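**Student:** First the structure, then my questions, so here it is.
The values are calculated or read from the model by the stated rules, or taken from the named source; none is laboratory data. Everything quoted here is computed from the prediction, not taken from an experiment. Positions of Cβ are backbone-derived with ideal geometry, glycine not excepted, and every protein chain shown enters the neighbour counts.
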Amino acid sequence: MRFILVDRIHELVAGKTIVAEKTLSPEEELFRDHFPGFAVVPGVLLIEMMAQAGGKCLDAESQPRGYAMLAQIRSASFRQWVRPGETARIFATIVVSQPDYATARCHIEVAERTVCSAELMFAFVPAEQFVIGYRDPVLQAYLEGQPATCEANASIGGGKLRCDYRDAEPRA
Amino acid sequence: MDQEQALRWIAEVFEQEPGRLSSSTPRSEVATWDSLGVLTLMAALHEHFGIVMTTDQLTGMKTVGDILEVLQSNGKLA
């Protein structure tokens, strides 16, 4: 399986909040092992969904500090099983965003019931470490569906920096 | 907060046993005082005391006493 654990972004205020979703197909090979006859989405993948969603929220700001990477799981709770084929709705709220680190409070809902929650810490990796021209495909798809002007984006939710992200020149 | 309480707080931040740290404990003897430990300390100082520090400032610290000095200079340590 690809390690893209966010299918699409529904709502995004860069650097502040994000709502996204992910559905794992029952055909995914991992469900053969986790577990035979009792297929459930592994908790580590739920954590990764929240980390990827929170990271996209931070990356949407396009700050020079680089891309957000999960650095610490400060707390995590799992309350309900998530079954193959169920759509996980992922919420993240950025609590602290500093040049060197950020923290986020996250949770996942399935059918409007909270199934897990976590507090995550992120560190940042300089964009130069990534392949030249890298753009997060899920974030990019969301941004391309937004109004074209910075002014229009800003009016959506203080997301002026989203324009900066979209308009950024690829690295030489 | 007195020094004993501050040492307990620092031990908690670095996931160490309470009482294991003293002001003279060098960074090299705190296994979890690595790059993640620096970020954890930075976040904890901000969240608990409103003290904002940079990675460079924190990376320059050599002993637990250096952290106590930060708390003291910010009026958090009696």
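**Student:** Kindly indicate which of A:VAL13, A:VAL19 is touching a strand residue (DSSP E or B) at 6+ places or on another chain (Cβ under 6 Å) and more than 18 Å from A:ILE73 (Cα to Cα). First the steps, then the outcome.
**Tutor:** Working: A:VAL13 fails: touching a strand residue (DSSP E or B) at 6+ places or on another chain (Cβ under 6 Å).
Selected residue: A:VAL19, the only one of A:VAL13, A:VAL19 that is touching a strand residue (DSSP E or B) at 6+ places or on another chain (Cβ under 6 Å) and more than 18 Å from A:ILE73 (Cα to Cα).
**Student:** Do any residues in the range B:64-76 that are under 15 Å from B:GLU4 (Cα atoms) have Cβ atoms under 6 Å from those of residues that are surrounded by fewer than 17 Cβ atoms within 10 Å (Cβ to Cβ) and among the hydroxyl-bearing types (Ser, Thr, Tyr), where the two are at least six apart or on different chains, and which pairs are they?
**Tutor:** B:VAL64/B:SER23; B:GLY65/B:SER23; B:LEU68/B:SER23
**Student:** On to the next question. Within the range B:12-32, restricting attention to residues that are among the hydrophobic types (A, V, I, L, M, F, W, C) and within 14 Å of chain A (Cβ to nearest Cβ), which residue is surrounded by the most Cβ atoms within 10 Å (Cβ to Cβ)?
**Tutor:** Looking at residues that are among the hydrophobic types (A, V, I, L, M, F, W, C) and within 14 Å of chain A (Cβ to nearest Cβ), I get B:PHE14.
**Student:** While we're looking at this one, here's another question. Please determine whether any residue of the range A:99-112 is aromatic (Phe, Trp, Tyr) and surrounded by fewer than 21 Cβ atoms within 10 Å (Cβ to Cβ).
**Tutor:** no
**Student:** In this structure, does A:ALA127 turn out to be farther than 30 Å from A:ALA39 by Cα, modelled with pLDDT under 95 and among the aliphatic types (A, V, I, L, M)?
**Tutor:** For A:ALA127, the condition - farther than 30 Å from A:ALA39 by Cα, modelled with pLDDT under 95 and among the aliphatic types (A, V, I, L, M) - is met.
**Student:** For the range B:35-46, state whether one or more residues are touching a residue at least 12 places away in the same chain (Cβ under 8 Å), loosely packed, with under 14 Cβ neighbours inside 10 Å and within 14 Å of chain A (Cβ to nearest Cβ).
**Tutor:** Within the range B:35-46, none of the residues are touching a residue at least 12 places away in the same chain (Cβ under 8 Å), loosely packed, with under 14 Cβ neighbours inside 10 Å and within 14 Å of chain A (Cβ to nearest Cβ).
**Student:** Scan the strands (runs of 3 or more DSSP E) fully inside the range A:1-115 and keep the ones with 1 or more residues being touching a residue at least 40 places away in the same chain (Cβ under 8 Å) and within 14 Å of chain B (Cβ to nearest Cβ).
**Tutor:** On the way: elements: A:8-13, A:17-23, A:67-78, A:87-97, A:102-110.
Result: A:67-78, A:87-97, A:102-110.
**Student:** Further question: Condition first: farther than 24 Å from B:ASP2 by Cβ and not β-branched (Val, Ile, Thr). Now tell me which residues in the range B:25-56 satisfy that.
**Tutor:** Residues satisfying the conditions are B:SER28, B:ALA31, B:ASP34, B:SER35, B:LEU36, B:LEU39, B:ASP56.
**Student:** When the range A:66-96 is examined, which residues are found to be among the hydroxyl-bearing types (Ser, Thr, Tyr), touching a Ser or Thr at 6+ places or on another chain (Cβ under 7 Å) and within 21 Å of A:LYS16 (Cβ to Cβ)?
**Tutor:** Correct list: A:THR93 only.
**Student:** A further question follows. So, of the residues in the range A:66-98 that are hydroxyl-bearing (Ser, Thr, Tyr) and within 14 Å of the chain's Cα centre (by Cα), which turns out to be surrounded by the fewest Cβ atoms within 10 Å (Cβ to Cβ)?
**Tutor:** Out of the qualifying residues, it is A:THR93.
**Student:** Hey, among the residues in the range A:129-146 that are surrounded by fewer than 17 Cβ atoms within 10 Å (Cβ to Cβ) and touching a residue at least 60 places away in the same chain (Cβ under 8 Å), which one's nearest to B:VAL13 (Cα to Cα)?
**Tutor:** Residue satisfying both the conditions and the ranking: A:GLN129.
**Student:** Tell me, which residue of the range B:47-61 that is under 17 Å from B:ARG27 (Cα atoms) and of a type in the set (Val, Ile, Thr) is farthest from the other protein chains (Cβ to nearest Cβ)?
**Tutor:** Here the residue is B:THR59.
**Student:** Next question. If you go through the range A:46-65, how many residues are at pLDDT below 95 and within 15 Å of the chain's Cα centre (by Cα)?
**Tutor:** 2
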